[in-house]
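Readers should treat all values here as calculations from the given coordinates under stated rules, not as data from a laboratory. Since the model is a prediction, treat every value here as computed from it, not as a measurement. All Cβ positions, glycine included, derive from the backbone under ideal geometry; neighbour counts span all protein chains shown.
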Ligand code: PMP
Ligand code: GLN
């Protein structure tokens, strides 16, 4: 039997490849983006409690009411608007599912979907499986800002949607209010949908503020806001996230969600609902992560890398373009095998695998692990 692949270009993700290599080489894994420390014992105890209390059967399809309400309340507090918990908030099995279901809700065969790149790896397969055509728009390769004229120039009568992501993986760039206004003006002219990946909404540095697209009245009407509790509460393995969208969009979204997973893990939903009652559980995150980012950036100053400090997310990019023209895939592999620190080559985030000699490090790790990684990275010159 042979099967004609629907995704002929897709192989194993770079995150899996580099995590596997890190394990084989006993290297510090600053490659795949996941926290290297535990979650809050209060949250873990809540999950245990709700499990023991017998909340172990299917949750309602769109999520348990307590969590939808808690999320709507958090959205009011942090973004100044209150989505209707029952009709505009859906709890799903990770932001990956939210992104996939949102794309499936809007993309029809032949539709064009704008993707700003470098971009996270799950957007394009979601577009292709729905018969869509990804249209790539490059971010500025040095500061990863959006060239809004370039974006506007790519809109045709076939454009159906745009996928955006701030704070941005891999660059750590955070959109300004001006970026949001530019997108709003573009969307109101063209009538396209927006899929907004906001998984790093609470991981921000140097006083940066996250402007959810849902907080903009014009954008709210056409946007699927996709988020991840895994990222926010250091539990990426729980695979639980959400989608906030206006009623007509949420209705279509739910038609898909109910046949992708139907519903999402019940005791964890109850636990998160109670945990969200205390706003400091998410409001303290910027200062928690700032210490890690600062430590990592301080250490990088005594390496030969060039970089601009990350503004948000788990990630810091570094450039070695002034030191070597060796490919980023080669350098990332050598770093893992010889220096015993794994990272991600940024070319994999480009459709054409453009290589700017840039690497991505995840600094969501314990301080001592970051310090040891930095000591090893000092020897970078030995692999060029
Ligand atoms: N979007 C981005 C930008 C990410 O970095 C991740 C993390 N893997 C996801 C989406 C997926 O989030 P989740 O683990 O909740 O599916
Ligand atoms: N989002 C994580 C990253 O960018 C990886 C998640 C995954 O392995 N799919 O590293």
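Before moving on, here are some points about what is shown:
- All-pairs Cα distance distribution in the range 121-203, expressed in whole percent, bin size 10 Å: 15, 51, 32, 2
- Relative to its Kirkwood radius, the Cα radius of gyration of the range 185-248 gives an Rg/Rh of 1.03.
- Inter-centroid distance (Cα atoms) of the range 137-170 relative to the range 295-371, Å: 23 Å
- Highest average packing first - 284-290, 87-93, 1-7, Cβ atoms within 10 Å: 87-93, 284-290, 1-7
- Based on the convex hull around the alpha carbon atoms, the range 12-130 presents an average projected area of 11.2 nm².
- Residue-averaged [θ]222 nm for the chain, counting only DSSP H segments that reach four residues, each worth -39500 (n - 2.57): -11000 deg cm²/dmol
- The chain: Rg to Rh, with Rh as the Kirkwood radius over Cα pairs: 0.96
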